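Asker: Dropping a structure here in structure tokens format, bear with me for questions.
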Amino acid sequence: MQIDIKTQAVTQLRQTFSHVARYLGNDKPASRYQEATYGLQAETNFHYRPLWQPELELYDKRRTQLVMKDWYVLRDPRQFYYGTYTITRARQQESMEKNIDFVERRGLLRNLAPAAVEALVLALVPLRHLEWGANTHNCHVTAYGWGTALTQATMFHTMDRLGLAQHLSRLGLLLDGNTGESLAQAKALWLNHPAWQGLRRVTEKMLVTQDCMEVFFAQNLVLDGLLYPLLQNHIEPHCAAEHGPAISLLMDFLPQWFDETSRWVDAVTKACVAESAANHDLVAGWLAQWGALVNDALEPYAGMVLGEKGPQAVKAVEAILEARVGKLGITLDRAVA
Amino acid sequence: MSSDTVFIAFQANDDTRPIIEAIEADNPEARVAHFPAMIKVDAPGRLVVRRESIEERLGRAYDLRELQINLVSLSGNIDESEDEFVLCWN
Amino acid sequence: MNMPAAPNGPKKLSLKENYALLTRGLGWDTSYEDMDKAFPLDKFEGIRIHDWEKWEDPFRLTMDAYWKYQGEKERKLYAIVDAFQQNNGQFNVVDARYINTLKLFLTGVSPLEYAAHRGFAMAGRNFRGTSARIACQMQAIDELRHAQTQAHTISQYNKFFNGLHDPGHMHDRVWYLSVPKSYFEDAMTAGPFEFVTAISFSFEYVLTNLLFMPFMSGAAYNGDMATVTFGFSAQSDESRHMTLGLEVVKFILEQDPANIPIVQRWLDKWFWRGYRLLGLVSMMMDYMLPRRVMSWAEAWEMYFEQNGGALFNDLARYGIRMPKYHDVASMEKHRLSHEVWGIFYNYTHAAAFHTWVPEQAEMEWLASKYPETFDRLYRPRLEYWRAQQEQGKRFYNPTLPMLCQTCQIPMGFTEPDDPTKICYRESDYRDNKFHFCSDGCKDIFDNEPEKYVQSWLPVHQIYQGNCFRPGVDPTAPGFDPLAEVLLYYGYHVGEDGGEYLDSPDRRNWEQWTGKPAVAT
């Protein structure tokens, strides 16, 4: 294409924005992730104290006990900004949609025996409420965290969790032939069934936890770090063995999504605990405290679905989390056990 | 029903041409105004976008949620179903 | 718990039913913890909600559809941005004066997109109603999109023009950028109901057309296809947000009659706050676009008087009236842009964009759009400035202006019934005197003085010595406080502000494109 300029005479004035150049150390071409991340959040000269928390500023690093010299080291290894995030999820959703279609057209779930439907509703559909809790907790971090590096990723995670809650709702609708009965049952189970009460209690406790980084670790590292391996390695295979492989098609997102998001959670965790001994101890303390709660919550759930194999499964996923956080530089005094 | 103006505006591009045509066909009182890169349709009181009318012009199935992609602005209360996207003042 | 499978295949779900099933009922009333502790912020404003289930979702977008449509929009947008960069599209604009609208946008508006992202995340956390939270969260992520796509698009202009290089830093410090910054922080520091009323309704629904339509149509008209693309792509989200705004207000009003006076006070406040903010847009439309789309007065008539009128007619059944001082805004429509441009012409050496005197043909356009005011009140001043400039005495105002305590704009607006007399209002509070540009701004202060005494007023802050870089010694010999303030702002002095005709932007433009500095 012919352009109406003498391109050779043009010397670019600068390679990137000044705030990005300051962060990178000099003016060099920056990635879209960098230009979408650094310098976005206001940092100073705030006008009014919040009516809802007059002791702090509008954005304030004191909304967590965790102390970081530079919150922008909490970068996302996926380098997600809005565009790459939505394009990635759209592509994944497309392939998930094929699975759902397949299951729906052949009635693979709604034609299961009533006892199987009942067992699957009991084991899986109440998770939609847990995901809705995870949505709210990540929204809390997005609202009150410091720095776009962290808060944009938690925003994406917020919406992921809503997507998962809706996906689990669709699973319910596939089981009940779109009547919504399974969803009503799942809610009753979530509210009343003894096996689900521990998980509901943990979720509600996070709702009243103010420290935004504590909420981050409690949900994304501890609860997810135990629950997702349990689902992936034990619950889903068990359900498939008992009730046929159709359910596996719908739980297909699990390993991929959990693996992808864990890389991000790991990067944040690693940077936080590497910052200082104080941070390390704080995070280790949260891990111990929330680990114990989640452990108590998972045992009845795992027991209900897996029967006598339940306790063993919970031990196995605890070992997985322990190994994982060990690699991230956290020393636990048998905290999660 | 009020006869105050409702409006809907789209980007002016090839995707929206059949949408505008469908709106004009379904809303005889609508007035279409062309702006740089944008087309604005005003109508007194009520304006309806019908899925079938768009499908006739597109020759394919159309999901009204696709309107989102090229929508620029609107005014009025919205009522959306599979078949119709309605703007009105009560 | 017996659940027989449907015999003849699954029930067909409508969009509405599907959305309701996937979304409604996700939330529950907590019992291990107190619900008021889980959602502690949605009652203190006095808004009474009896039944969150009455919330209507106008756009029923589940996440699968959200990813699909938004992903598609992003693919299209970035394809165009890539092509724009590869083809040096930044040189296709009419002339380099146009770039100044982008400077205003990137430093003044893009940071608000980000603030909206965080503000809606707060609302998306704090409402106890499930559907309301989801609607706010979707807007929260959309607003992040806008901040990021704007940074990515304008990034290319930043490589070739001045004044665009440090938007966040400037937004936190520069005097006129405290106008948009304080506007948004005012909303974010309020409770969640006031925030959504302010931003979703008063701004997005009532006023946003006056911001985006002129900017984007202006961009299209002036050869800036990149901005048109991100702008219109963002606008497609905006229509969802506007609809949320209308829904929020109707929902609150329908829940309890006691909510009506609270909402009316917010509508009054946020109409005036938003209108004052749009003063920046008015000068952009009438003065900064080399090729003009429509005048501020025409836009005000089309988007506020006509559409806004229809909207408030619709809300009358709830007992809501037009916002207070809307009539003043309409009286001012023939002078607003001229007064604001005058202020910036005075202080352009301390701004991150250029100003200039319009060309003769442009003055003719202004005269035709403002027959009652332009030739009589504003042309003589512009011609005087032009004459001074031709004698080498381009006028810069070396003093610091008094700012309105509420909107933070220099006190340059005139009396509603007398365009030749500056409007001054004041209030006494705790043994101090506070100054305002208008009755609207004075009312806002008088309703919440505790809030507005906190305003970080840039001029006060300069006089108090709070606008110097760390380590600078104001007692050193030869210390020039105003020069130092510009460094604190992050300006490249001599490049980022001042008269357009004297600017490096103008020289570069002529050298690089061979096109005239001022298009004819």
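Asker: With contacts defined as alpha carbon pairs under 8 Å and 6 or more residues apart, what's the relative contact order of chain C in percent?
Answerer: Reported relative contact order: 17 percent.
Asker: Using +1 at the C-beta of Lys and Arg and -1 at the C-beta of Asp and Glu, which of C:H241, C:Y318, A:Q12 has the Cα lying farthest in the positive direction of the dipole of the protein assembly as shown?
Answerer: So the residue we want is A:Q12.
Asker: Can you compute 3J(HN,Hα) from phi for each residue in segment B:68-79, using the Karplus curve 6.51 cos²θ - 1.76 cosθ + 1.60 with θ = phi - 60°, rounded to whole Hz and x for Gly and Pro?
Answerer: 3, 5, 10, 5, 10, 6, 7, 8, x, 6, 9, 10
Asker: A further question on this structure: Compute the distance in nm between two label points, each set 7 Å from the Cα along the Cα-to-Cβ direction, one at B:E52 and one at A:E97.
Answerer: Modelled inter-label distance: 2.5 nm.
Asker: Just how large is the dipole of segment A:77-327 about the Cα centre, in debye to the nearest 20, putting +1 at every Lys and Arg Cβ and -1 at every Asp and Glu Cβ?
Answerer: Computed about the Cα centre, the dipole is about 340 debye.
Asker: I've got another one for you. What share of all Cα pairs of segment A:77-327, in percent, falls into each consecutive 5 Å distance bin?
Answerer: Distribution as computed: 1, 6, 13, 18, 20, 17, 13, 8, 3, 1, 0, 0 percent.
Asker: In whole Hz, with x marking every Gly and Pro, tabulate ³J(HN,Hα) for segment C:250-265 from phi via Karplus 6.51 cos²θ - 1.76 cosθ + 1.60, θ = phi - 60°.
Answerer: 5, 4, 4, 5, 6, 6, 6, x, 5, 6, 4, x, 5, 5, 4, 5
Asker: In addition: Placing unit charges on C-beta atoms (Lys and Arg positive, Asp and Glu negative, everything else neutral), compute the dipole magnitude of the protein assembly as shown about its Cα centre in debye, rounded to 20. Let's see the in-between values first.
Answerer: Numbers: 94 positive and 121 negative charges, 246 e Å.
Rounded to the nearest 20 debye, it is 1180 debye.
Asker: Another one. Which log10 I(q)/I(0) values, to two decimals, does chain C give at q = 0.07, 0.12 Å⁻¹ under the Debye formula with one point per Cα?
Answerer: For the requested q values the scattering log ratios are -0.42, -1.19.
Asker: Run through every distinct alpha carbon pair of segment A:146-279 and return the Kirkwood hydrodynamic radius in angstroms, one decimal place.
Answerer: Answer for segment A:146-279: a Kirkwood hydrodynamic radius of 16.8 Å.
Asker: So what is the calculated 222 nm ellipticity per residue for chain C, using -39500 (n - 2.57) for each DSSP H run with n of 4 or more, over all residues, to the nearest 500 deg cm²/dmol?
Answerer: Taking each H run of at least 4 residues, the total per residue is -15500 deg cm²/dmol.
Asker: What does the net charge come to around C:R292 if you take all other residues with beta carbon closer than 9 Å to its beta carbon, with K and R at +1 and D and E at -1?
Answerer: Its environment carries a net charge of 0.
Asker: List the residues, sorted by chain then number, that are 5 or more residues from C:Y429 or on another chain and whose placed amide H is less than 5 Å from its amide H.
Answerer: Here the answer is C:F434, since their amide H atoms fall under 5 Å of that of C:Y429.
Asker: Would you pull out the residues with amide H under 5 Å of B:R46's amide H, same chain only if 5 or more places away, H placed 1.01 Å from N?
Answerer: Distant-sequence amide H within range of B:R46: B:V6.
Asker: At C:Y384 and C:E450, where each label point lies 7 Å from the Cα along Cα→Cβ, what is the point-to-point distance in nanometres?
Answerer: 4.6
Asker: Gap in Å between the Cα centre of segment C:45-77 and the Cα centre of segment C:238-312?
Answerer: Centre-to-centre distance over Cα atoms comes out at 21 Å.
Asker: Please list the non-local residues whose amide H lies under 5 Å from the amide H of C:C404, H modeled 1.01 Å from N, same-chain partners needing a gap of 5 or more.
Answerer: C:I409, C:M411
Asker: Which residues does the label zone of A:S276 cover in segment A:31-66, counting backbone N under 16 Å from a point 7 Å along Cα→Cβ?
Answerer: It comes to A:61-66, nothing else.
Asker: Follow-up question, since we're still on this one. Excluding C:N158 itself, what net charge comes from residues whose Cβ is under 13 Å from its Cβ, given Lys and Arg +1 and Asp and Glu -1? Before the final figure, lay out the partial values.
Answerer: Numbers: positive: A:R14, C:K103, C:K159; negative: A:D27, A:E35, C:D166, C:E495, C:D496, C:D505.
Taking every Cβ under 13 Å from that of C:N158, the sum is -3.
Asker: Quick check: Cα centre of segment C:139-211 to Cα centre of segment A:168-243, how many Å?
Answerer: Segment C:139-211 and segment A:168-243 have Cα centres spaced 37 Å from each other.
Asker: Using a simple spin-label model with points 7 Å from Cα along the Cα→Cβ vector, what separation in nm is obtained for A:D252 and C:K11?
Answerer: 2.8
Asker: Using 0.36 nm per residue, how much length does the chain from C:D473 to C:V493 gain when fully extended, once their Cα-Cα distance is taken away?
Answerer: Value of the extension gain: 5.2 nm.
Asker: Something else now. Can you give the FRET efficiency to the nearest 0.05 for C:K515 and C:Q360, using r as the Cβ-Cβ distance and R₀ = 22 Å? Walk me through the numbers before you get to the answer.
Answerer: Working: r = 20 Å, r/R0 = 0.89.
After rounding, the FRET efficiency stands at 0.65.
Asker: Enumerate the residues in segment A:30-70 having an amide nitrogen under 16 Å from the point lying 7 Å beyond the Cα of C:A258 toward its Cβ.
Answerer: none
Asker: Please turn the phi angles of segment C:433-444 into ³J(HN,Hα) values with the Karplus equation 6.51 cos²θ - 1.76 cosθ + 1.60 (θ = phi - 60°), one per residue in order, whole Hz, x for glycine and proline.
Answerer: Karplus values, whole Hz, x for Gly and Pro: 9, 10, 10, 9, 8, 6, 5, x, 5, 5, 4, 4.
Asker: Hey, what's the Kirkwood Rh for the protein assembly as shown if you take every pair of different alpha carbons, in angstrom?
Answerer: It is 29.4 Å.
Asker: How much net charge surrounds C:E194 when only other residues with a Cβ under 14 Å from its Cβ are counted (Lys, Arg +1; Asp, Glu -1)?
Answerer: Net of charged neighbours comes to -1.
Asker: Let me ask another. Could you give the length gained by full extension between C:S31 and C:M331, i.e. 0.36 nm per residue of separation minus their alpha carbon distance, to one decimal place?
Answerer: Full extension of this stretch gives 102.5 nm more.
Asker: Starting from segment A:51-118, pick out the trypsin sites (Lys or Arg not before Pro) whose DSSP state is loop and whose Cβ has at most 13 other Cβ atoms within 10 Å.
Answerer: Hits after loop and neighbour filter: A:K69, A:R106.
Asker: Let me know the number of lysine pairs in segment C:61-335 closer than 22 Å at the Cα, not counting same-chain pairs under 8 apart.
Answerer: 9
Asker: In percent, how large is the relative contact order of chain B, given Cα pairs closer than 8 Å and 6 or more residues apart?
Answerer: 38
Asker: Classify segment B:5-88 as rounded, prolate or oblate from the Cα gyration tensor: take a ≥ b ≥ c as the square roots of its eigenvalues, call it rounded if a/c is under 1.5, otherwise prolate when a/b beats b/c and oblate if not.
Answerer: rounded
Asker: Measuring from centroid to centroid over Cα atoms, what is the spacing of segment C:487-503 and segment B:32-90 in Å?
Answerer: 46
Asker: Compute the FRET efficiency between A:D296 and A:N233 as 1/(1 + (r/R0)^6), taking r as their Cβ-Cβ distance and R0 = 22 Å, and round to the nearest 0.05.
Answerer: Calculated transfer efficiency: 0.65.
Every read-out reported here was derived from the displayed coordinates using simple, explicitly stated rules and does not represent laboratory data. On a predicted model such as this, the values are computed, not experimentally measured, just so you know. Cβ sites come from the backbone with ideal geometry, for glycine too, and all protein chains shown count toward neighbours.
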